[in-house]
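Student: Here you go, one structure.
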Amino acid sequence: MINIILAILLLWLKFSLLGAAIRRLHDTNHEGWWILLYLVPFGWIFIIYFMILPTVEKPVRWGNYLFTK
């Protein structure tokens, strides 16, 4: 029983982190599909680079930036 609960919690955590990573990619004006680079050897290096880019504080393809006036 505890294994089922842990599996559900781990899936929930993985999907939450996936959503946050895709949101971060959108904040840097990249498509969420870039997350698939994790499937390519050494693709995680590019994802890390995209994650540390500064947030684009202008309208992006997915609407307005959250904190623009």
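Student: Return yes or no: is Trp12 of a type in the set (A, V, I, L, M, F, W, C) and surrounded by 11 or more Cβ atoms within 10 Å (Cβ to Cβ)?
Tutor: Details: of a type in the set (A, V, I, L, M, F, W, C): yes; surrounded by 11 or more Cβ atoms within 10 Å (Cβ to Cβ): no.
Taking the combined requirement at face value, the residue does not satisfy it.
Student: Name the pairs whose Cβ atoms lie under 9 Å apart, with the first residue in the stretch 32-55 and farther than 11 Å from Ala21 by Cβ and in contact (Cβ under 8 Å) with a residue 12 or more places away in the chain, the second among the aromatic types (Phe, Trp, Tyr) and part of a helix (DSSP H, G or I), and 6 or more positions between them or separate chains?
Tutor: Listed pairs, sorted by first residue: Phe46/Trp34.
Student: In the stretch 27-69, which residues are at pLDDT below 85 and aliphatic (A, V, I, L, M)?
Tutor: Residues satisfying the conditions are Val56, Val60, Leu66.
Student: OK, next. Just checking, does the stretch 16-32 include any residue being in a helix (DSSP H, G or I), more than 12 Å from the chain's Cα centre (by Cα), surrounded by fewer than 13 Cβ atoms within 10 Å (Cβ to Cβ) and of a type in the set (S, T, N, Q)?
Tutor: no
The values are calculated or read from the model by the stated rules, or taken from the named source; none is laboratory data. All figures in this text were calculated on a predicted structure; none of them were measured in a lab. Here Cβ is always computed from backbone atoms with ideal geometry, including for glycine, and neighbour counts include all displayed protein chains.
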